[in-house]
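All remarks here apply to the structure that follows.
Bear in mind these aren't lab numbers, they're just calculated from the coordinates by the rules spelled out. Everything numeric in this text was worked out from a predicted model, so none of it was measured. In this analysis, Cβ positions are derived from the backbone assuming ideal geometry, glycine residues included, and neighbour counts consider all displayed protein chains.
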Amino acid sequence: MNSAPQILVVTGEASGDAHAAELVAALQARRPDLRFFGMGGSKLAARGVEILYGAHEVSVMGITEVLPKIPRILQVLKGIAAAAAERRPTCAILVDIPDFNLRLAAKLKALGVPVAYYVSPMIWAWRRGRVKTIRKLVDRMLCILPFEEAFYRDSGVDARYVGSPVVEQVPAPSSAADFRQRLGLSVEAPTLALLPGSRMSEIRRLLPDMVRAAKQLSAERPGLQIVVPVAPTIAREEITSRFEGSGLSPQLIDGRAPEVVGASDAAIVASGTAVLESGLMQRPLVVVYRVSFITYLVGRLMLKVAHVSLVNLLANRRLVPELLQGDMTPERIASEVRRVWEPGPPREEMLRGLEEVRGRLGGPGAAERAAEAVLELLPPATKF
């Protein structure tokens, strides 16, 4: 009988998969006896985690988008809870996706499984009442933003700031020419990066207007090179089909979104983790996003912060433009990109602010610090 301690790991999108994989690697280095199972993507699988359900099963955004998937999401939730009841993991590491993971945490609590939560739900931005649920269900909150630890501790949650894993996941700063060379792009051509997101709903809602903005900009910049990183969750045809009839021929790169931004003169980025990654690459960017009208209305009623992008929240000011919903027009996007494309005060001010944001996130080692915090929840390794 295999008596190796098992840890349940659950994440539901590309960035969470990357963060979770680094945490698993740090735990494996300290405790080779540990075994892992749960829900995730290719990066967790590559670390030897037994994947019971793919992360794509629950990767949806917005009220209207999630409704058709609810039956399957509940089925996955039930399946993971059943696996936990059967295997009795020593600990669970739940990463982001709070609507799913907090429901799972309640089931794990009933089983007596300690819960470490990595990548805090942004309850300080909206749905602050959730902190009471977290206090009941989460044994340790591992925060990746510097202001989160005090927020949780003031609410009676055992929280620890471990640093941002994104700092290490992006490549070291370098010139645009260097990144272009690495990606096989034209070194001399003016370059615009388009980051439309990793969900099909984002591709449908955001990419067409990004393309229209790029067309306006290309008319002013002969030879403009348009580069799009393609998430593993998106088929290339979904990207190319939205350029048809535009007269533009984008360069598609599999993944490597931070490097694509590094290769650019400016970037148009869908709101989300990619904004922080892009900001760390020290290139001017414009943040865009659009959801269904119902999702937007509910979100605005519950939002408790002045900005939606992490870059602006960390800077505590409108450092980068946020074009949301009706403001996200090709004309507005192109206008904001023009403002920061050429050297001058607006571009320099944004770059100085992005450098300041990078400094606030601290140095490397987030996964290692998170691993130490998780190990404190486990019994000591058995010695033979």
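Every Cα-Cα pair of region 107-188 was included, and the share exceeding 22 Å stands at 44 percent. Semi-axis lengths, largest first, of the ellipsoid equivalent to region 210-265 are 19, 15, 7 Å, with √(5λ) applied to each eigenvalue of the Cα gyration tensor. Mean sequence separation of contacting Cα pairs (under 8 Å, at least six apart), scaled by the length of the chain, corresponds to a relative contact order of 16 percent. Nearest 10 degrees, 0 to 90: what angle lies between the long axis of helix 98-111 and the longest principal axis of the chain (Cα atoms)? The answer is roughly 10 degrees. Helix 366-375 and the long axis of the chain differ in direction by around 10°, with both axes built from C-alpha atoms.
In the elastic network of the chain, a GNM with C-alpha springs shorter than 10 Å, the most mobile of 233, 11, 133 is 133. Rounded to the nearest 20, the size of the Cβ-charge dipole of the chain about its Cα centre is 1160 debye, with Lys and Arg at +1 and Asp and Glu at -1.
Rounded to the nearest 10 degrees, the angle from helix 345-360 to the longest Cα principal axis of the chain is 10 degrees.
When you work out D = kT/(6 pi eta Rh) for the chain at 4 °C and 1.567 mPa s, using the Kirkwood radius from C-alpha pairs as Rh and the Stokes-Einstein form, the result is 60 µm²/s. Peptides 248-256, 15-23 ranked from most to least packed, by the mean per-residue count of other Cβ atoms within 10 Å: 15-23, 248-256.
At q = 0.14 Å⁻¹ the log10 of I(q)/I(0) for region 170-361 amounts to -0.74, computed by Debye summation with a single uniform scatterer per C-alpha, solvent ignored.
Only one residue of 285, 67, 179 has its Cα farthest out toward the positive end of the dipole of the chain, where Lys and Arg carry +1 and Asp and Glu -1 on Cβ, and that residue is 67.
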